[in-house]
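What follows is one structure encoded as C-alpha coordinates, with my remarks underneath.
The values are calculated or read from the model by the stated rules, or taken from the named source; none is laboratory data. The shown structure was predicted, so the numbers you read here are calculated from the model rather than taken from an experiment. A quick note on method: Cβ atoms are made from the backbone with ideal geometry, for glycine too, and the neighbour counts reach across all protein chains shown. Surface areas here come from the heavy atoms of the whole protein model, side chains and all, with no ligands, DNA or RNA. Shrake-Rupley method; radii C 1.70, N 1.55, O 1.52, S 1.80 Å.
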Amino acid sequence: MSSSLNRREVLVFGALSAIGFVTSTSVSAQTRKPAAAAPRNTPGTNIDRAGRSQTDGNRMARSYAQVLLGVEPDVGLRAITESTRNVDASFQTIELAVPATGPLRQSLKLAADDWAEVKRHFLRQPTRGGLYAMYVASERFSESAAGLTRALTESSRQPAAALTSTAAMQRTRVMQIARGYLLQQAGVDVGQGVRIARTSFDAAHTSLEKAAETTPAIRAQLDAVKIQFGYLATAVDQRNVDAAKFSVAAVSASERIVELMDDVVRGYAVQVTA
(Lines give C-alpha, C1' and ligand atoms only; values in the text may rest on other atoms or scores of the structure.)
Protein backbone atom coordinates (compact mmCIF):
# COMPACT_ATOMS: atom_id res chain seq x y z
CA MET A 1 0.00 0.00 0.00
CA SER A 2 1.33 3.41 -0.96
CA SER A 3 2.18 5.71 1.92
CA SER A 4 1.37 8.79 -0.13
CA LEU A 5 -2.02 10.50 0.19
CA ASN A 6 -4.30 11.00 -2.77
CA ARG A 7 -6.22 14.25 -3.15
CA ARG A 8 -9.32 13.00 -1.36
CA GLU A 9 -7.28 11.71 1.57
CA VAL A 10 -5.50 15.05 1.90
CA LEU A 11 -8.85 16.85 1.99
CA VAL A 12 -10.26 14.39 4.51
CA PHE A 13 -7.23 14.65 6.75
CA GLY A 14 -7.43 18.42 6.69
CA ALA A 15 -11.13 18.39 7.49
CA LEU A 16 -10.78 15.89 10.33
CA SER A 17 -7.86 17.76 11.80
CA ALA A 18 -9.79 21.02 11.61
CA ILE A 19 -12.52 19.53 13.79
CA GLY A 20 -10.03 19.74 16.64
CA PHE A 21 -10.88 16.64 18.63
CA VAL A 22 -9.54 16.61 22.19
CA THR A 23 -8.34 13.16 23.12
CA SER A 24 -8.20 11.82 26.66
CA THR A 25 -7.30 8.68 28.53
CA SER A 26 -9.68 9.05 31.44
CA VAL A 27 -13.22 10.07 32.21
CA SER A 28 -12.11 12.97 34.38
CA ALA A 29 -10.12 14.49 31.53
CA GLN A 30 -13.30 14.62 29.47
CA THR A 31 -15.45 16.05 32.23
CA ARG A 32 -13.65 19.10 33.57
CA LYS A 33 -16.44 21.35 32.29
CA PRO A 34 -19.83 19.64 32.54
CA ALA A 35 -22.22 20.71 29.83
CA ALA A 36 -24.52 23.56 30.81
CA ALA A 37 -28.24 22.89 31.15
CA ALA A 38 -27.76 19.12 30.93
CA PRO A 39 -30.88 16.98 30.36
CA ARG A 40 -32.44 15.19 33.30
CA ASN A 41 -30.09 12.61 34.74
CA THR A 42 -32.31 9.57 35.31
CA PRO A 43 -31.64 5.82 35.08
CA GLY A 44 -33.61 5.59 31.84
CA THR A 45 -31.94 8.55 30.14
CA ASN A 46 -28.50 7.30 31.09
CA ILE A 47 -29.22 3.88 29.57
CA ASP A 48 -30.27 5.81 26.47
CA ARG A 49 -27.05 7.87 26.54
CA ALA A 50 -24.78 4.84 26.93
CA GLY A 51 -26.60 2.97 24.18
CA ARG A 52 -26.49 5.96 21.85
CA SER A 53 -22.75 6.27 22.50
CA GLN A 54 -22.31 2.73 21.22
CA THR A 55 -24.29 3.71 18.13
CA ASP A 56 -22.21 6.84 17.58
CA GLY A 57 -18.96 4.90 17.72
CA ASN A 58 -20.19 2.72 14.87
CA ARG A 59 -21.55 5.78 13.10
CA MET A 60 -18.11 7.38 13.12
CA ALA A 61 -16.54 4.32 11.51
CA ARG A 62 -19.30 4.27 8.88
CA SER A 63 -18.77 7.98 8.25
CA TYR A 64 -15.01 7.57 7.95
CA ALA A 65 -15.54 4.95 5.24
CA GLN A 66 -18.19 7.17 3.70
CA VAL A 67 -15.77 10.09 3.41
CA LEU A 68 -12.94 8.00 1.97
CA LEU A 69 -15.31 6.52 -0.61
CA GLY A 70 -16.63 9.95 -1.57
CA VAL A 71 -20.21 9.03 -0.59
CA GLU A 72 -21.63 12.43 0.36
CA PRO A 73 -18.41 13.23 2.27
CA ASP A 74 -19.76 16.48 3.71
CA VAL A 75 -22.59 14.55 5.34
CA GLY A 76 -20.06 12.08 6.73
CA LEU A 77 -17.88 14.81 8.21
CA ARG A 78 -20.88 16.41 9.92
CA ALA A 79 -21.85 13.03 11.34
CA ILE A 80 -18.34 12.54 12.73
CA THR A 81 -18.43 15.92 14.45
CA GLU A 82 -21.93 15.37 15.82
CA SER A 83 -21.17 11.86 17.09
CA THR A 84 -18.02 13.04 18.83
CA ARG A 85 -19.94 15.73 20.67
CA ASN A 86 -22.74 13.30 21.52
CA VAL A 87 -20.45 10.76 23.17
CA ASP A 88 -18.38 13.35 25.01
CA ALA A 89 -21.54 14.98 26.41
CA SER A 90 -23.08 11.62 27.33
CA PHE A 91 -20.03 10.49 29.27
CA GLN A 92 -19.91 13.81 31.08
CA THR A 93 -23.50 13.35 32.21
CA ILE A 94 -23.25 9.67 33.08
CA GLU A 95 -20.19 10.35 35.22
CA LEU A 96 -22.28 12.65 37.40
CA ALA A 97 -24.79 9.85 38.03
CA VAL A 98 -22.62 6.83 38.84
CA PRO A 99 -20.85 6.14 42.15
CA ALA A 100 -17.20 7.18 42.48
CA THR A 101 -16.19 3.53 42.84
CA GLY A 102 -17.64 0.16 41.92
CA PRO A 103 -18.75 -1.72 38.79
CA LEU A 104 -20.55 1.20 37.14
CA ARG A 105 -17.52 3.45 37.47
CA GLN A 106 -15.26 0.71 36.12
CA SER A 107 -17.55 0.16 33.13
CA LEU A 108 -17.60 3.88 32.42
CA LYS A 109 -13.81 4.17 32.61
CA LEU A 110 -13.29 1.22 30.26
CA ALA A 111 -15.70 2.71 27.71
CA ALA A 112 -14.11 6.16 28.04
CA ASP A 113 -10.61 4.78 27.47
CA ASP A 114 -11.78 2.92 24.35
CA TRP A 115 -13.55 6.06 23.19
CA ALA A 116 -10.33 8.05 23.48
CA GLU A 117 -8.68 5.52 21.15
CA VAL A 118 -11.46 5.90 18.60
CA LYS A 119 -10.98 9.66 18.55
CA ARG A 120 -7.23 9.31 18.11
CA HIS A 121 -7.80 7.64 14.76
CA PHE A 122 -9.25 10.87 13.39
CA LEU A 123 -5.97 12.67 13.94
CA ARG A 124 -4.04 10.29 11.68
CA GLN A 125 -3.65 10.17 7.93
CA PRO A 126 -6.81 8.68 6.41
CA THR A 127 -5.74 5.58 4.50
CA ARG A 128 -7.41 2.26 3.74
CA GLY A 129 -5.14 0.69 6.34
CA GLY A 130 -6.23 3.37 8.76
CA LEU A 131 -9.83 2.53 7.97
CA TYR A 132 -9.30 -1.04 9.10
CA ALA A 133 -7.66 0.16 12.32
CA MET A 134 -10.63 2.49 12.83
CA TYR A 135 -12.97 -0.46 12.40
CA VAL A 136 -11.10 -2.45 15.04
CA ALA A 137 -11.16 0.49 17.46
CA SER A 138 -14.87 1.04 16.88
CA GLU A 139 -15.53 -2.64 17.57
CA ARG A 140 -13.64 -2.46 20.85
CA PHE A 141 -15.51 0.67 21.88
CA SER A 142 -18.81 -0.89 20.84
CA GLU A 143 -18.19 -3.77 23.22
CA SER A 144 -17.23 -1.58 26.18
CA ALA A 145 -20.11 0.85 25.56
CA ALA A 146 -22.45 -2.15 25.45
CA GLY A 147 -20.96 -3.25 28.77
CA LEU A 148 -21.70 0.18 30.25
CA THR A 149 -25.27 0.01 28.93
CA ARG A 150 -25.75 -3.44 30.48
CA ALA A 151 -24.34 -2.29 33.81
CA LEU A 152 -26.71 0.67 33.92
CA THR A 153 -29.62 -1.56 32.92
CA GLU A 154 -28.86 -4.18 35.54
CA SER A 155 -28.56 -1.53 38.25
CA SER A 156 -32.17 -0.52 37.53
CA ARG A 157 -33.70 -4.02 37.40
CA GLN A 158 -36.92 -2.90 35.76
CA PRO A 159 -38.67 -4.28 32.67
CA ALA A 160 -38.73 -0.83 31.10
CA ALA A 161 -34.98 -0.52 31.65
CA ALA A 162 -34.37 -3.76 29.75
CA LEU A 163 -36.61 -2.55 26.92
CA THR A 164 -34.76 0.76 26.83
CA SER A 165 -31.51 -1.16 26.43
CA THR A 166 -32.96 -3.45 23.76
CA ALA A 167 -34.29 -0.51 21.77
CA ALA A 168 -30.99 1.34 22.16
CA MET A 169 -29.13 -1.66 20.76
CA GLN A 170 -31.34 -1.54 17.67
CA ARG A 171 -29.76 1.79 16.74
CA THR A 172 -26.34 0.22 17.00
CA ARG A 173 -27.30 -2.79 14.89
CA VAL A 174 -28.58 -0.52 12.14
CA MET A 175 -25.35 1.46 12.16
CA GLN A 176 -23.31 -1.76 12.17
CA ILE A 177 -25.15 -2.84 9.02
CA ALA A 178 -24.47 0.45 7.24
CA ARG A 179 -20.90 0.53 8.54
CA GLY A 180 -20.26 -3.01 7.36
CA TYR A 181 -21.70 -2.30 3.94
CA LEU A 182 -19.48 0.74 3.36
CA LEU A 183 -16.41 -0.96 4.83
CA GLN A 184 -16.93 -3.83 2.42
CA GLN A 185 -17.14 -1.32 -0.43
CA ALA A 186 -13.76 -0.01 0.76
CA GLY A 187 -12.26 -3.51 0.82
CA VAL A 188 -12.41 -4.16 4.57
CA ASP A 189 -13.56 -7.65 5.57
CA VAL A 190 -16.17 -7.46 8.34
CA GLY A 191 -16.87 -11.17 8.36
CA GLN A 192 -20.46 -12.08 9.25
CA GLY A 193 -21.07 -8.79 11.05
CA VAL A 194 -23.77 -7.52 8.69
CA ARG A 195 -25.67 -10.81 8.64
CA ILE A 196 -25.57 -11.16 12.43
CA ALA A 197 -26.74 -7.59 12.96
CA ARG A 198 -29.66 -8.07 10.55
CA THR A 199 -30.80 -11.29 12.19
CA SER A 200 -30.52 -9.79 15.66
CA PHE A 201 -32.39 -6.67 14.59
CA ASP A 202 -35.35 -8.68 13.31
CA ALA A 203 -35.61 -10.73 16.51
CA ALA A 204 -35.35 -7.69 18.79
CA HIS A 205 -37.90 -5.73 16.75
CA THR A 206 -40.43 -8.51 17.23
CA SER A 207 -39.79 -8.59 20.98
CA LEU A 208 -40.36 -4.83 21.23
CA GLU A 209 -43.61 -5.08 19.30
CA LYS A 210 -44.89 -7.71 21.76
CA ALA A 211 -43.81 -5.96 24.97
CA ALA A 212 -46.53 -4.83 27.36
CA GLU A 213 -44.72 -1.51 27.82
CA THR A 214 -44.97 -0.71 24.10
CA THR A 215 -47.47 2.14 23.90
CA PRO A 216 -49.44 3.02 20.75
CA ALA A 217 -47.04 5.91 20.10
CA ILE A 218 -44.03 3.60 20.36
CA ARG A 219 -45.73 1.04 18.13
CA ALA A 220 -46.31 3.67 15.44
CA GLN A 221 -42.59 4.48 15.48
CA LEU A 222 -41.70 0.80 15.30
CA ASP A 223 -43.93 0.44 12.24
CA ALA A 224 -42.08 3.33 10.58
CA VAL A 225 -38.76 1.72 11.49
CA LYS A 226 -39.80 -1.52 9.79
CA ILE A 227 -40.41 0.34 6.54
CA GLN A 228 -37.06 2.14 6.69
CA PHE A 229 -35.27 -1.09 7.57
CA GLY A 230 -36.63 -2.57 4.36
CA TYR A 231 -34.89 0.23 2.45
CA LEU A 232 -31.64 -0.42 4.30
CA ALA A 233 -31.83 -4.17 3.66
CA THR A 234 -32.49 -3.56 -0.03
CA ALA A 235 -29.44 -1.29 -0.25
CA VAL A 236 -27.01 -3.69 1.40
CA ASP A 237 -28.32 -6.58 -0.70
CA GLN A 238 -27.17 -4.70 -3.81
CA ARG A 239 -23.50 -4.92 -2.89
CA ASN A 240 -22.24 -5.36 -6.45
CA VAL A 241 -24.87 -3.24 -8.22
CA ASP A 242 -24.53 0.55 -8.54
CA ALA A 243 -22.46 0.87 -5.38
CA ALA A 244 -22.55 4.68 -5.38
CA LYS A 245 -26.35 4.82 -5.44
CA PHE A 246 -26.92 2.15 -2.83
CA SER A 247 -24.17 3.45 -0.54
CA VAL A 248 -26.04 6.76 -0.34
CA ALA A 249 -29.27 4.83 0.30
CA ALA A 250 -27.63 2.83 3.11
CA VAL A 251 -26.37 6.00 4.78
CA SER A 252 -29.73 7.76 4.48
CA ALA A 253 -31.77 4.81 5.72
CA SER A 254 -29.48 4.17 8.68
CA GLU A 255 -29.72 7.81 9.76
CA ARG A 256 -33.50 7.81 9.48
CA ILE A 257 -33.88 4.58 11.47
CA VAL A 258 -31.67 5.91 14.25
CA GLU A 259 -33.80 9.07 14.42
CA LEU A 260 -36.97 6.99 14.71
CA MET A 261 -35.41 4.68 17.28
CA ASP A 262 -34.33 7.68 19.35
CA ASP A 263 -38.03 8.32 19.95
CA VAL A 264 -38.67 4.65 20.69
CA VAL A 265 -35.85 4.53 23.23
CA ARG A 266 -37.13 7.67 24.94
CA GLY A 267 -40.61 6.15 25.06
CA TYR A 268 -39.28 3.30 27.16
CA ALA A 269 -36.77 5.40 29.11
CA VAL A 270 -39.47 7.62 30.63
CA GLN A 271 -41.07 4.48 32.07
CA VAL A 272 -37.95 3.70 34.11
CA THR A 273 -38.41 5.01 37.64
CA ALA A 274 -35.52 6.03 39.87
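Things worth noting here:
- Residue 41 paired with residue 195, simple spin-label distance in nm, labels 7 Å along Cα-to-beta-carbon: 4.5
- When 84, 215 are compared by accessible area of protein heavy atoms, the largest-first order is 215, 84, using a 1.4 Å probe.
- Solvent-accessible surface (1.4 angstrom probe) belonging to residue 237, in square angstrom, nearest 10: 90
- Distance from the range 46-93 to the range 144-183 (C-alpha centre basis), Å: 15
- Kirkwood analysis of the range 185-273, using all unique Cα-Cα pairs, places the hydrodynamic radius at 14.4 Å.
- Packing-based order for 58-64, 162-168, 129-135, using average beta carbon neighbours within 10 Å, highest first: 58-64, 162-168, 129-135
- Cross-link reach is defined here as a Cα-Cα straight distance under 15 Å, omitting same-chain residues fewer than 8 places apart; for residue 109 the aspartates and glutamates meeting it are 88, 95, 117, 143.
- Which of 56, 263, 113 is most accessible, then next, and so on - probe 1.4 Å: 263, 113, 56
- When you filter the GluC sites (Glu not before Pro) in the range 185-262 for DSSP loop state and at most 13 other Cβ atoms inside 10 Å of their Cβ, nothing is left.
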